[in-house]
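The values are calculated or read from the model by the stated rules, or taken from the named source; none is laboratory data. Everything numeric here is computed off the predicted structure, so don't read it as measured data.
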Amino acid sequence: MTKPPRKKDPTVGIAIFIVVAILLVIVTLFYNAIREKEEFDSHNATPPSVTSQAAAAANALKPASGPAQ
């Protein structure tokens, strides 16, 4: 005699669905956080100060000293 077919247990399918949904939420949160951080950094980028520009110009004009001549 043949056995009647087993009923499918939907628990495994629902568990996989819940795990995939949670991973999707986590990935979305990370994506938004990274995108907003880059946007924040691009809006709040500080230009180089005048003193650092003057120091760079002075070093460029200064002749080399020591064995590097």
Determine if segment 52-61 includes at least one residue that is at pLDDT below 85 and not in a helix (DSSP H, G or I).
-> no
Matching residues, segment 1-47, being of a type in the set (Lys, Arg) and part of a loop (DSSP other than H, G, I, E, B) | Lys3, Arg6, Lys7, Lys8
